[in-house]
Amino acid sequence: QVQLVESGGGLVQAGGSLRLSCVASGSVLGLNVMGWYRQAPGKQRELVAIATRGGSTNYANDVKGRFTISRDNAKGTVDLQMNSLKPEDTGVYYCHANVIRPDELRSYDYWGQGTQVTVSS
């Protein structure tokens, strides 16, 4: 069982910055890929950025060069630094974690509660 708690959302003007944080607790030894997703009103949830336990990262095309994902395996955290924010970045941002359970020969997906990010023009 893994719990994900997010923080850092808020209201910011276009061009500003926010830093989102996600803290994992519980059975964290099996944490595999972690990432951030977002969902704008009326749209499907989309992947923003992911990070492996070993440090590899990948980003959606529209956030490359503006967002940076980082993990601290010792602390069980994954952060998303968002710079040069645009109104199009507005949405609910969700932390996600994939947890490996080799004893069960399967993995599990966990989601945070979401944190609202609003970027004004």
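Some notes on this structure:
- Residues that are part of a loop (DSSP other than H, G, I, E, B), within 23 Å of Gly15 (Cα to Cα) and open to solvent by 70 Å² or more (accessible area, probe 1.4 Å), drawn from region 65-85: Gly65
- Pair list, Cβ < 8 Å and 6+ apart or interchain, from region 78-100 residues that are farther than 19 Å from Asp62 by Cα to residues that are acidic (Asp, Glu): Val78/Asp72; His96/Asp109; Ala97/Asp109; Asn98/Asp109; Val99/Asp109
- Residue within region 25-35 that is closer than 24 Å to Ser121 by Cβ and either in a strand (DSSP E or B) or of a type in the set (D, E, K, R) (or both) present: no
- Selection from region 96-121 of residues that are open to solvent by 60 Å² or more (accessible area, probe 1.4 Å), among the hydrophobic types (A, V, I, L, M, F, W, C) and part of a strand (DSSP E or B): Ile100, Trp111
- Within region 5-64, the set of residues being without any contact (Cβ under 8 Å) to a residue 12 or more places away in the chain and surrounded by 13 or more Cβ atoms within 10 Å (Cβ to Cβ) comprises Asn58, Tyr59.
- Unmet requirement for Val99, which otherwise passes all of (1) under 25 Å from Ser120 (Cα atoms); (2) in contact with a Ser or Thr (Cβ under 7 Å, 6 or more places away or on another chain); (3) aliphatic (A, V, I, L, M): (1)
- Checking Val23, Val5 one by one, the residue that is over 14 Å from Ile69 (Cα atoms) and at pLDDT 95 or above is Val5 and no other.
- Within region 69-108, the set of residues being of a type in the set (Asp, Glu) and at pLDDT 95 or above comprises Asp79, Glu88, Asp89.
The values are calculated or read from the model by the stated rules, or taken from the named source; none is laboratory data. Just so you know, these numbers come straight off a predicted model, no measurement behind them. Virtual Cβ from ideal backbone geometry, glycine too; neighbours counted across all protein chains shown. Only protein heavy atoms, including side chains, enter the accessible area calculation; ligands, DNA and RNA are left aside. Shrake-Rupley method; radii C 1.70, N 1.55, O 1.52, S 1.80 Å.
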